[in-house]
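Step one of this worksheet: look at the structure below.
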Amino acid sequence: MASRGSLAGPRVLMRRLREVMAESLGAQERLDEIVTQIAANMVTEVCSVYVLRADGMLELYATRGLNPDAVHKVTLNVGRGLVGLIATSGRPLNLPDSQKHPAFAYLPETGEEIYHSFLGVPIMRAGRTLGVLVVQNRSYRTYLDEELEALETTAMVLAEMFAAGEIEDLATPGADLDLNRPVQLTGAAFAEDIGLGHVVLHEPRVVVTQMIAEDTDHELKRLDAAMASLRLSVDDLLARGAEAGHGEHREILEAYRMFAQDRGWTRRLREAVENGLTAEAAVEKVQSDTRLRVGRQADAFLRDRLHDFDDLANRLLRELIGRPHGPLDGELPEDAIIVARTMGAAELLDYDRERLRGLVLEEGAPTSHVAIIARALDIACVGQVEDVVSLAETGDPIIVDGETGLVHLRPPSDIETAYADKVRFQARRQEQYLQIRDEPAVTRDGVDFELLMNAGLLMDLPHLEESGAAGIGLFRTELQFMVVSSFPRQNEQQAYYEQVLEAANGKPVTFRSLDVGGDKVLPYLRSQAEENPAMGWRAIRLGLDRPALLKTQVRALLKATAGRELRLMFPMVTEVGEFERARAIVERERAHLARHGHAAAETVRLGAMVEVPALLWQLDELFAKVDFLSVGSNDLMQFMMASDRGNTRLATRFDPLSPAFLRALRKIADKGLEHGKPVTLCGEIAGRPLEALALAGIGYRALSMSPAAIGPVKTMLRALELGPLSERLATLIDEGVSASDVRTELRAFAEAQRIPV
């Protein structure tokens, strides 16, 4: 047997593998030649490839040195033997005497009992184990670090070969590869719809097709140039503000910069290239090594940093191939389901909305703005789906169940059939809602309700007629600003608002003034990085500090509503004085238009949104100034509970049916009744029948929600006798029971009264 010193080296192995990959060979022939070349290069008597199947078995696909008749016949469970241990742990094993290891399992069919030294590495791609690559010798020896490096590099080449589908034809019937197995994932339901379609990764992984370098010096130069460009791009993002363009938080960008400047990362990348990989393959390999070290850590902080490192590596790959960051135009299928780790509201609006069927996020919360936009677009949305980005590939079939929070990746035919039936059932149920579209929203004991819809895009407006909504209770004007590349001029805004009013066809429309900040970023509006953007310079605060923005919008609204009524409300009001300043701007603009002979709104009704808890102690003063109030329950809940609506760890911790929150909401409704001023609630809870039942019980008579929610809420109200509910709910709230008790009691009440919730 050759000595250790006769190791030809990774670069020679890579060159020989490149030649093998270039030959016109069948899949089995190519695998057989690869294991032969590895064995010869590393001077080992055995080299074997095991592939993970969908049934959780590892199957021997190729070998040099073991019994060739064992190929495609020998299998072992994941977790059994040394090979199974590597597949489970995702970590290499380097043993001078494998038979003394407690996990050793003897497989007589292979003839491996005469071999002692053992080196095995996982075949991984994007954090997923696809198989195991093993070399063995009769002698007792510990393999060198450079041999481990060579084997890991070769495993990555095999992973790309597997992912490209080159070995699928080798699978025996009923033994599909794990790469293609169906996966059911559980998350949190954000938008109650069902989406059937195909995966589009929001930040698609760069597919590395050329793994082995032809000119190492050229690859090193490419790597250095891409690293320099990456560092400049991260520095530029920081210089322009942490929220500019992509919505990353500043601390993430700081982590990016730290990683991009890390000499250890650069050194490992260069070593991988010097061992024979292309620059792109080097990035893949180093990132795979990083996942092995960090991915199974218990420390949540380290796992989060791994996500950051993944993002940065993806950016570097894009720099290498000259592909821009973010989604590309013209690549969406007709039934696109966007899969992302996280996403800002503006980023979702970058996609062709006619092709969107759903959204799946690893992070997020039901009240995050991207979830609200998903509901506005009427697409299914599920968040907090762990590892979905690494498990999915662009083009995979996928089903998103926004009712249960389930995501079915590569679903089997029976699941597809079941969901197709479910979609047809929903269509029939929508037909039932259409039958009561023109019926009044009135309870069995004669209490009238006004059901309004939320909107923000022209494509929303046909739903006004379809849903039977009484009007638009919240028109989010900022969405017009988020879908364009520059600030809309006054005449453009005016034309847009005129279209909205025409589409409303005489039904009332309540416009909300520009509400940007937090995760709603305008790429052309420079802003300072903030530690807590949700509680920072946003909404009316920005409008009052930059009055030109507010004046332009107010003037456009006044002219668009010429001869009609303008209903305008201001978001994020904290003090009555802020509303007065905003009202003064409206009055000045109205006077200006009158002086210059411009037609303007015939009547103007101004309101404020109750989102900041401080207003709860200024309601008398506020009602004396406003024409109406609207409760933004999403933000009010967030601020009352000190619970970031975008924080996945807190997304389900606090319940809007908690007595504390219901008392606050009841106080607003009671004060509105006392002052004779209308109050509307336009948060997400308005569109959920059980929560809407509670809102009706504490005094709300006007609710604004997504168009799809109007039918279910109206059906609930028409089956309700309000008197007994109000009495029971008042007792529950005043007793101070838990939120779960309130839910239980409400469900019991609804069931007893046969009220669909």
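Enclosing the Cα atoms of the stretch 627-747 in their convex hull gives a volume equal to 114 cubic angstrom per residue. When Rg and the Kirkwood Rh are both derived from Cα coordinates, the Rg/Rh ratio for the stretch 436-753 amounts to 0.96. In the calculated pair-distance distribution of the stretch 381-462, the portion above 14 angstrom amounts to 77 percent of the Cα-Cα pairs.
Of 369, 218, the sequence from fewest to most neighbouring Cβ atoms within 10 angstrom is 218, 369. Restricted to Cα atoms, the stretch 406-519 shows a radius of gyration and a Dmax of 19.0, 54 angstrom.
Just subtract the alpha-carbon distance of residue 168 and residue 748 from 0.36 nm times their residue separation and send over the number in nm, one decimal.
Working: separation 580, 0.36 × 580 = 208.80 nm, distance 5.31 nm.
Taking residue 168 through residue 748 to full extension adds about 203.5 nm, to one decimal.
With contacts taken as Cα pairs under 8 Å and at least 6 residues apart, the stretch 4-179 reaches a relative contact order of 22 percent. Computed over every Cα-Cα pair of the stretch 85-131 and binned at 5 Å starting from 0, the pair-distance distribution P(r) comes out as 5, 20, 26, 23, 16, 9, 2, 0 percent. Against the longest alpha carbon principal axis of the chain, how many degrees, from 0 to 90 and to the nearest 10, is the axis of helix 739-753 turned? With both axes taken from Cα atoms, the answer is about 70 degrees.
Helix 250-260 and the long axis of the chain differ in direction by around 20°, with both axes built from C-alpha atoms.
Taking the Cα centre of the stretch 357-471 as origin, work out the dipole magnitude from +1 charges on Lys and Arg Cβ and -1 charges on Asp and Glu Cβ, in debye rounded to 20.
Working: 9 positive and 21 negative charges, 40 e Å.
Here the stretch 357-471 has a charge dipole of around 200 debye.
Want the number for residue 739 to residue 334: 0.36 nm per residue separation, take away the alpha-carbon distance, what's left?
Working: separation 405, 0.36 × 405 = 145.80 nm, distance 4.20 nm.
Residue separation times 0.36 nm, minus the Cα-Cα distance, leaves 141.6 nm.
FRET efficiency for residue 105 and residue 184, Cβ-Cβ distance as r, R0 = 25 Å, nearest 0.05? Walk me through the intermediate numbers first.
Working: r = 30 Å, r/R0 = 1.21.
Efficiency, from the Cβ-Cβ distance: 0.25.
The stretch 545-603 gives an Rg/Rh value of 0.98, both radii derived from C-alpha positions and Rh following Kirkwood. Against the empirical curve 2.2 N^0.38 Å, the C-alpha radius of gyration of the stretch 458-513 lands at a ratio of 1.15. The residue among 286, 729, 543 whose Cα reaches farthest toward the positive pole of the charge dipole of the chain, with charges on the beta-carbon of Lys, Arg, Asp and Glu, is 543. Basic side chains Lys and Arg get +1 at the Cβ, acidic Asp and Glu get -1 at the Cβ, and with that the dipole of the chain about its Cα centre reaches some 1640 debye. Computed from Cα atoms, the angle from the helix 490-504 axis to the main principal axis of the chain rounds to 80 degrees.
By the compact-protein rule of thumb, 2.2 N^0.38 Å, the alpha-carbon radius of gyration of the stretch 4-179 corresponds to a ratio of 0.94.
Counting other beta carbons within 10 Å of each residue's own, what order do 18, 429, 53 fall into, fewest first?
Working: 18 16, 429 13, 53 22.
Fewest-to-most Cβ neighbours within 10 Å comes out as 429, 18, 53.
Values of log10 I(q)/I(0) for the chain across q = 0.09, 0.10 Å⁻¹ run -0.89, -1.02, by the Debye formula with one identical scatterer at each alpha carbon and no solvent.
Note: relative contact order over the chain, using C-alpha pairs below 8 Å and six or more positions apart, is 10 percent.
Here the simple spin-label model places points 7 Å from the Cα toward Cβ, and for residue 690 and residue 97 these points are separated by 6.2 nm.
Applying Stokes-Einstein at 25 °C and 0.890 mPa s to the Kirkwood radius of the stretch 354-423, computed over alpha-carbon pairs, gives a translational diffusion coefficient of 192 µm² s⁻¹. Each other residue within a Cβ distance under 15 Å of residue 24 adds +1 if Lys or Arg and -1 if Asp or Glu, for a net charge of -4.
Among residues other than residue 465 whose Cβ falls under 11 Å from its Cβ, what is the net charge (Lys/Arg +1, Asp/Glu -1)?
Values: positive: 437, 507; negative: 438, 466.
Cβ neighbours under 11 Å give a net charge of 0.
Tally Lys and Arg at +1 and Asp and Glu at -1 over the other residues with C-beta under 12 Å from the C-beta of residue 446: what net charge comes out?
On the way: positive: 444, 718; negative: 445, 448, 721.
For residues surrounding residue 446, the net value is -1.
Report the charge-dipole magnitude of the stretch 436-753 in Debye, nearest 20, computed about the Cα centre from +1 at each Lys and Arg Cβ and -1 at each Asp and Glu Cβ. Could the numbers behind the result be given before it?
Numbers: 38 positive and 42 negative charges, 174 e Å.
That gives a dipole near 840 debye.
With the convex hull constructed from alpha-carbon coordinates only, the stretch 168-233 shows a mean projected area of 9.4 nm² over all directions.
As a length-normalised measure over Cα pairs under 8 Å and 6 or more apart, the relative contact order of the stretch 436-753 settles at 20 percent.
Suppose R0 equals 60 Å; then what is the FRET efficiency for residue 465 and residue 321 from their Cβ-Cβ distance, rounded to the nearest 0.05?
According to the calculation, E is roughly 0.80.
Where a number appears in this text, it was derived from the coordinates with a stated rule and is not lab data. Just so it is clear, the model here is predicted, and its values are computed rather than measured. FYI the Cβ positions are ideal-geometry reconstructions off the backbone, even for glycines, and counts take in every protein chain you see.
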